[in-house]
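Working notes, structure below.
The values are calculated or read from the model by the stated rules, or taken from the named source; none is laboratory data. Keep in mind that what you see is a predicted model, and the values were worked out from it rather than measured. Note that we place each Cβ from the backbone using ideal geometry, even for glycine, and neighbour counts take in every protein chain shown. Please note that ligands, DNA and RNA were not included when accessible areas were found on the heavy atoms of the full protein model with its side chains. Shrake-Rupley method; radii C 1.70, N 1.55, O 1.52, S 1.80 Å.
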Amino acid sequence: MTAQPNANLFDIFRARFPKDTAQPLMMLPGGRVVTYADVEAGTARIASLLVSLGVKPGDRVVVQVKKSPEAVILYLAALRAGAVFLPLNTAYRADELDYFLADTEPTVVICDTGDTAVASLCAARGIRHRLTLGADGKGSLIDQSATQPLTFVTVARGTTDLAAILYSSGTTGKPKGVMLSHGNLAANAQTLHKLWKFKPDDVLLHTLPIFHVHGLFVALNTTLMNGSAMIFHAKFVAEDVIADLPRATVFMGVPTYYVRLAAHAALTPDVCRKIRLFLSGSAPLLAETFASFAARSGHEIVERYGMTEAGMITSADIDKPRHAGAVGWPLPGVTLRIVDGDNRDVPKGETGEIQIKSPSLFVGYWRKPEKTAEDFTADGFFKTGDLAQFEPDGMVNIVGRAKDMMISGGFNVYPKEIEAVIDGLPGVDESAVVGMPHADFGEAGLAIVTLNAGAPPLDVHAVREGLKGVLANYKVPKMIVVAKALPRNAMGKVQKNLLRAEYRPAWDAEMKTS
Ligand code: MLC
Ligand code: AMP
């Protein structure tokens, strides 16, 4: 019997590391360089530590840390140890975090050095191992791994074994853990690496957060698949990007990044002279952003479309002309259909829901088989909830969403979750949260609130500050207004389109002054 090759994603990357492992993977502002040899040693040490703490294949390792090279090494070490890597947005507050801890029962939690709240959450949940990692790359994770061996035999994993869980909120109920396998992630990285024609000397300028699909799997995994280097920034800051663009060949961002870059006086074609690819995704790119960025940089942005559940689904062709709004063609291996309410294909040019089959499609929602079943059709297509049309040339054009969700600066925000918190405030009868156009974030939240009879006037400022204590800051509505009643249709459903229209003038006025 021939042995099955190890499908562990780490070993797939490792096979593509440069022969000379003194080559850089991460180049930081200030001159620090993290080489492939450092990655080899660092992942061995952390993987050994995780195993010594009792992490077994399939055990969850929850990570809520600031972006640093060590955080990247931690991700790769978790893969190497056969653990399930579970990154969390650093903006999540204690209540949000506690839900994830309860839902995933991790063996190890790694949090920021300054994060004292996590210690008590872990104690209350009986989680024995809590380690720290700060933005400076220091913490008990690094201290305790320093004495571990420099070699580690990567734990063998099959293609369907879990590599990661990323949380996705929903229009109903609690957030769902999206289970992604080693095979899912490898398939997407290999496809994108080929489709976007990565070359050995490519240098990616990495400024995205590394707790979501875009920064973690699209940007990091394609670079690792290429065995090449990244210029590694802790966060997106337009000036810093422009300063480093002359050294980069590939840049990936959410539309807000392009809005901010296009508005910057220092963006010129000369600054972008080495760039061969500007990629955008995670949210709709407005035609005006596409045009203003092209005018300022001399480059047409390549749009791609994806989802946590599916990885990347479509991409514009890097060798063909492109235009704003079109997110390209289905990736090789992806079957994509646009259908009506009865799952029948709609004619070209008509709007329907995108449904897909793909090798990158998730394994299911963590411990929620009924939710998984709801999201698939009887013939095995995944229902994305995105509304789109096929253009005459077969490109997909996303025109809206069937799900009640807004995307603010690239982060998904589910009104239902915010409404539930606002409805629980003293004096509040009910609330509706709607996504409104926002020049910087694309969309941002407006909350319309009704009060109980006799309730004192609402201190809107205090409510916003209060919400920041329990919700990640990007979810907090940018404006809150009090209304007498919420408009409802005959079925009793709040008519959010009427609210959007009614409050648009007040919203525009407020956003101009804030
Ligand atoms: C910050 N704020 C936001 C926000 N980010 N508000 C709405 N939406 C956002 N995304 C608010 C803060 O609460 C704060 O409000 C104020 O703006 C300033 O905060 P900041 O921290 O200084 O903002 P900044 O650092 O400029 O961050 C903005 C950003 C960041 C756009 C750089 O949000 C970002 O990097 N977004 C990328 C998201 C991403 O990676 N998405 C990929 C998902 S994967 P206040 O009131 O406190 O002052 C996916 C799949 C796919 O979707 O297809 O890729
Ligand atoms: P997430 O759940 O964070 O993975 O977000 C996935 C959602 O982001 C998709 O269902 C789309 O609604 C949206 N999205 C991703 N890429 C694009 C894009 N290029 N254009 C429009 N919407 C996008």
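Within region 438-478, no residue satisfies the criterion of being within 11 Å of ligand 1 (Cβ to nearest atom), closer than 17 Å to GLU419 by Cβ and more than 25 Å from the chain's Cα centre (by Cα).
Residues are listed down the side, and each one gets a yes or a no for (1) open to solvent by less than 10 Å² (accessible area, probe 1.4 Å); (2) assigned to a helix (DSSP H, G or I):
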| position | (1), (2) |
| --- | --- |
| VAL218 | yes, yes |
| THR222 | yes, yes |
| PHE236 | no, no |
| VAL241 | yes, yes |
| MET252 | yes, no |
| TYR257 | no, yes |
| LEU261 | yes, yes |
| THR268 | no, no |
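When the criteria are applied in full, ALA123 meets the requirement of being of a type in the set (Gly, Ala, Ser) and out of contact with any Lys or Arg (no Cβ under 8 Å at 6 or more places or on another chain). Does LYS383 qualify as being of a type in the set (Lys, Arg) and more than 12 Å from ligand 2 (Cβ to nearest atom)? In short, no. The set of residues from region 72-95 being in a helix (DSSP H, G or I) and crowded, with 21+ Cβ neighbours inside 10 Å comprises VAL72, ILE73, LEU74, TYR75, LEU76, ALA77, ALA78, LEU79, ARG80. Just one residue in the set GLU502, GLU419, GLU443 is in a helix (DSSP H, G or I) and either open to solvent by less than 40 Å² (accessible area, probe 1.4 Å) or within 23 Å of TYR258 (Cα to Cα) (or both); that residue is GLU419.
Residues of region 466-486 that are farther than 20 Å from TYR414 by Cα and surrounded by 13 or more Cβ atoms within 10 Å (Cβ to Cβ): VAL482, ALA483.
Mind checking whether some residue in region 327-336 is surrounded by 23 or more Cβ atoms within 10 Å (Cβ to Cβ) and part of a strand (DSSP E or B)? Yes, region 327-336 contains at least one residue that is surrounded by 23 or more Cβ atoms within 10 Å (Cβ to Cβ) and part of a strand (DSSP E or B). Scan region 483-490 and give yes if some residue there is touching a residue at least 40 places away in the same chain (Cβ under 8 Å) and touching a strand residue (DSSP E or B) at 6+ places or on another chain (Cβ under 9 Å), otherwise no. Taking every residue of region 483-490 in turn, at least one turns out to be touching a residue at least 40 places away in the same chain (Cβ under 8 Å) and touching a strand residue (DSSP E or B) at 6+ places or on another chain (Cβ under 9 Å).
Looking for whichever is open to solvent by 50 Å² or more (accessible area, probe 1.4 Å), at pLDDT 95 or above and farther than 18 Å from ILE165 by Cβ here; the options are ALA135, ALA123. Which one fits? Walk me through it before giving the result.
Numbers: ALA123 fails: at pLDDT 95 or above.
Every option except ALA135 fails the conditions.
Checking each residue in region 336-372 for being hydroxyl-bearing (Ser, Thr, Tyr) and touching a residue at least 40 places away in the same chain (Cβ under 8 Å) picks out THR351, SER358, SER360, TYR365. Checking each residue in region 292-311 for being away from ligand 1 (no atom under 16 Å from the Cβ) and open to solvent by 20 Å² or more (accessible area, probe 1.4 Å) picks out SER292, ALA294, ALA295, ARG296, GLY298, HIS299, GLU300.
Of the residues screened, VAL463 is one that is out of contact with any helix residue (DSSP H, G or I) (no Cβ under 6 Å at 6 or more places or on another chain), surrounded by 17 or more Cβ atoms within 10 Å (Cβ to Cβ) and part of a helix (DSSP H, G or I).
The one condition from (1) in a strand (DSSP E or B); (2) more than 30 Å from the chain's Cα centre (by Cα) that LYS484 does not meet is (1). Tell me, which residue of region 154-169 that is closer than 16 Å to TYR365 by Cβ and open to solvent by 10 Å² or more (accessible area, probe 1.4 Å) is modelled with the lowest pLDDT? So the residue we want is SER169.
Answer with yes or no whether ALA509 is away from ligand 2 (no atom under 16 Å from the Cβ) and either out of contact with any helix residue (DSSP H, G or I) (no Cβ under 6 Å at 6 or more places or on another chain) or open to solvent by 20 Å² or more (accessible area, probe 1.4 Å) (or both).
Working: away from ligand 2 (no atom under 16 Å from the Cβ): yes; either out of contact with any helix residue (DSSP H, G or I) (no Cβ under 6 Å at 6 or more places or on another chain) or open to solvent by 20 Å² or more (accessible area, probe 1.4 Å) (or both): yes.
Criteria met by ALA509.
Note on region 415-437: among residues that are within 20 Å of ARG504 (Cα to Cα) and within 15 Å of ligand 2 (Cβ to nearest atom), the one that is farthest from the chain's Cα centre (by Cα) is PRO437. With respect to the stated conditions, VAL118 is in a helix (DSSP H, G or I), in contact with a helix residue (DSSP H, G or I) (Cβ under 8 Å, 6 or more places away or on another chain) and at pLDDT below 95.
Within region 348-364, the set of residues being farther than 12 Å from THR384 by Cα and either touching a Ser or Thr at 6+ places or on another chain (Cβ under 6 Å) or modelled with pLDDT under 95 (or both) comprises LYS348, GLY349, VAL363, GLY364.
Results for (1) within 16 Å of ligand 2 (Cβ to nearest atom); (2) hydroxyl-bearing (Ser, Thr, Tyr); (3) under 30 Å from GLU70 (Cβ atoms); (4) without any contact (Cβ under 8 Å) to a residue 60 or more places away in the chain, shown as yes or no for each residue.
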residue	(1), (2), (3), (4)
LYS235	no, no, yes, no
ASP240	no, no, yes, no
THR249	no, yes, yes, yes
LEU261	no, no, yes, yes
ALA265	no, no, no, yes
PRO269	no, no, no, yes
ARG273	no, no, no, yes
LEU279	yes, no, yes, no
ALA283	yes, no, yes, no
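Pairs linking a residue in region 66-79 that is of a type in the set (Phe, Trp, Tyr) to a residue that is modelled with pLDDT of 95 or more, with Cβ atoms under 6 Å and 6 or more positions apart or on different chains, are TYR75/PHE85.
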